[in-house]
Amino acid sequence: MKSITLKNIPQAVHVALKNRAKLNRRSLNKEALACLETAVLPTRVNTDDMLAGIRQHRASLPGSLTDRLIIEAKTKGRP
């Protein structure tokens, strides 16, 4: 595995990283790696699964909103 050395880290960034590491119960090094991975290797979102989850959640709410009601609300009063 490769390694890098970071120099001239601003104090505010270092403090924030240390706080995140403590909050996530990770070492400073592991927290920095987690931040870098999130920044350069973002996970792809399956939009179909996300939309299905949103619709399922919406249906569980009282007075559930349907796609039809949302479209009507968005177009109401528009030419």
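Here, each number is a calculation from the coordinates, and none is a lab measurement. Everything numeric here is computed off the predicted structure, so don't read it as measured data. All Cβ positions, even for glycine, are placed from backbone atoms using ideal geometry, and neighbour counts span all protein chains on display.
Note on Ala59 and Ala73: the model spin-label points, each 7 Å out from Cα along the C-beta direction, lie 1.8 nm apart. Only helices enter the 222 nm calculation for the chain: every DSSP H run of n ≥ 4 contributes -39,500 (n - 2.57), and dividing by all residues gives -19500 deg cm²/dmol, rounded to 500. A straight chain from Lys7 to Thr38 at 0.36 nm per residue would run longer than the Cα-Cα distance by 9.1 nm.
Match the structure shown to one of the listed values (1) 44, 15, 14; (2) 24, 12, 11; (3) 54, 19, 9 of semi-axes √(5λ) of the Cα gyration tensor in Å, computed from it, and give that label. Here semi-axes √(5λ) of the Cα gyration tensor in Å agrees with entry (1). Farthest toward the positive end of the dipole of the chain, out of Gln11, Ala52, Met1, is the Cα of Gln11, where the dipole comes from beta carbon charges about the Cα centre. Ignoring lysines fewer than eight residues from Lys30 along the same chain, the ones with Cα atoms less than 19 angstrom from its Cα are Lys2, Lys7, Lys18, Lys22. With R₀ set to 22 Å, the beta-carbon distance separating Lys18 from Leu51 gives a calculated FRET efficiency near 0.05.
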